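The values are calculated or read from the model by the stated rules, or taken from the named source; none is laboratory data. Just so it is clear, the structure is predicted and the values come from calculations on it, not from any experiment. Cβ coordinates were reconstructed from backbone atoms using ideal geometry, including for glycine residues, and neighbour counts include every protein chain displayed.
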Ligand code: TYD
């Protein structure tokens, strides 16, 4: 295991602060990223306990984004057509954005954050607010096995992937399908999206690393889709190796080849990435400095966990950004961890009030630019750091 990037001391990305806590010392950890040449896995060195991150205060709700709602709806329809599952499990069902596209008796959700699990439970869905593990799997799926397991943006959050895959293998029908969706390491490295790394993203997977790990559990990827969500993700279709019904599609080799051509199996690639990250930091800081020396105001758009990494790594705080706009009710009126920038309830951008807006939610760039087309047309500017820092 070799370290290649140090993003400094970071607070817990989704621990938004109340006003009364602004002067209290925050919990911080050193965000160091490393590469394991044995299984090509990229991970963070210092892990934060899951109970500190995924609890009843978890702020992220998939249903609050139009892009995510639409994407889950289309996917549910597609999965029903392609696999015709009778019994589905979603691991990390969040507030039910995917789950609600199925009939109540067809699907079960696992969601450790009680506040989120309760939202779907109240709608009559069967959701267990537990962490996914083999004990849970044995309790619920010893007799009735699952035809389709779906999990989006949870794989990278689970430290013990050994337990995760053992429990999946136990619960899945021999002809069952596992569909995993997670940020793509290739996109992260290509876009210098170093903010994919924060306490919750313990791993950022590639096809190379995932296929290597799955061998240990008798599982294999048979198809991959490259999708736009979360700044570039992969949707992996996985089956038991013994299931010969589904042939391995050429998308698997194509993705493996693409990653190898980019050098995701070489440590040097990560060293080069680290150098680009440093350059990105310097450039972003100089953009902020230039605007601030003109005495112009900058606000933020989308108080993401990713922004937390950027702001704390680049040393950008409330002196640079007056406040963030965000639509998530839980975040409004609170302060971003570390940088202590206030989050305000989203209001449509108006050029007379703002000229410069830092795009925290760059993964929703298309949705946001569409929403703010008038602001852009009238000369409003977005500052982004992806794939390189610039004003657009
Ligand atoms: P998210 O995509 O979950 O990123 P991360 O995993 O890094 O936290 O967060 C997107 C945030 O952006 C969320 O707080 C909602 C906010 N947002 C807006 O305020 N307005 C918008 O139009 C969109 C699309 C998102």
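For this structure, a couple of remarks:
- Qualifying positions in the range 126-136 - without any contact (Cβ under 8 Å) to a residue 40 or more places away in the chain and surrounded by fewer than 22 Cβ atoms within 10 Å (Cβ to Cβ): 126, 128, 129, 130, 133, 134, 135, 136
- Residue 76 in contact with a helix residue (DSSP H, G or I) (Cβ under 7 Å, 6 or more places away or on another chain) and within 16 Å of the ligand (Cβ to nearest atom): no
- Picking from residues in the range 35-47 that are surrounded by fewer than 19 Cβ atoms within 10 Å (Cβ to Cβ) and in a loop (DSSP other than H, G, I, E, B), the one that is nearest to the chain's Cα centre (by Cα) is 47.
- Single match in 101, 153 (criterion: farther than 16 Å from residue 60 by Cβ and either in contact with a helix residue (DSSP H, G or I) (Cβ under 6 Å, 6 or more places away or on another chain) or touching a residue at least 24 places away in the same chain (Cβ under 8 Å) (or both)): 101
- In the range 353-378, residue nearest to the ligand (Cβ to nearest atom) [restricted to those that are over 25 Å from the mean Cα position of the chain (by Cα) and closer than 17 Å to residue 287 by Cβ]: 354
- Reported count of residues in the range 194-204, each being part of a loop (DSSP other than H, G, I, E, B) and either touching a strand residue (DSSP E or B) at 6+ places or on another chain (Cβ under 8 Å) or more than 14 Å from the ligand (Cβ to nearest atom) (or both), is 5.
Conditions tested, residue by residue: (1) in a helix (DSSP H, G or I); (2) surrounded by 14 or more Cβ atoms within 10 Å (Cβ to Cβ); (3) not assigned by TED's automatic domain parsing to the domain that holds residue 115.
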| residue | (1), (2), (3) |
| --- | --- |
| 252 | yes, yes, no |
| 277 | yes, yes, yes |
| 282 | yes, no, yes |
| 299 | no, yes, yes |
| 311 | yes, yes, yes |
| 321 | no, yes, yes |
| 325 | no, yes, yes |
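- Pair list, Cβ under 6 Å, 6 or more apart: the range 338-362 residue assigned by TED's automatic domain parsing to the domain that holds residue 304, other residue away from the ligand (no atom under 15 Å from the Cβ) and in a helix (DSSP H, G or I): 356/291
- Within the range 279-298, the set of residues being closer than 12 Å to residue 321 by Cα and in contact (Cβ under 8 Å) with a residue 40 or more places away in the chain comprises 288, 291, 296, 297, 298.
- Test for residue 59: is it away from the ligand (no atom under 16 Å from the Cβ) and in the same structural domain as residue 238 (by TED's automatic domain parsing): no
- Screening the range 338-363 for residues that are more than 16 Å from residue 379 (Cβ to Cβ) and touching a helix residue (DSSP H, G or I) at 6+ places or on another chain (Cβ under 6 Å) and picking the one that is surrounded by the most Cβ atoms within 10 Å (Cβ to Cβ) gives 360.
- Filtered by the rule that a residue be away from the ligand (no atom under 16 Å from the Cβ), in a loop (DSSP other than H, G, I, E, B) and within 20 Å of residue 307 (Cβ to Cβ), the range 1-29 gives 18, 22, 26, 27.
- If the condition is being part of a helix (DSSP H, G or I) and either out of contact with any strand residue (DSSP E or B) (no Cβ under 7 Å at 6 or more places or on another chain) or surrounded by fewer than 18 Cβ atoms within 10 Å (Cβ to Cβ) (or both), then the range 366-381 contributes 366, 367, 369, 370, 371, 373, 374, 375, 376, 377.
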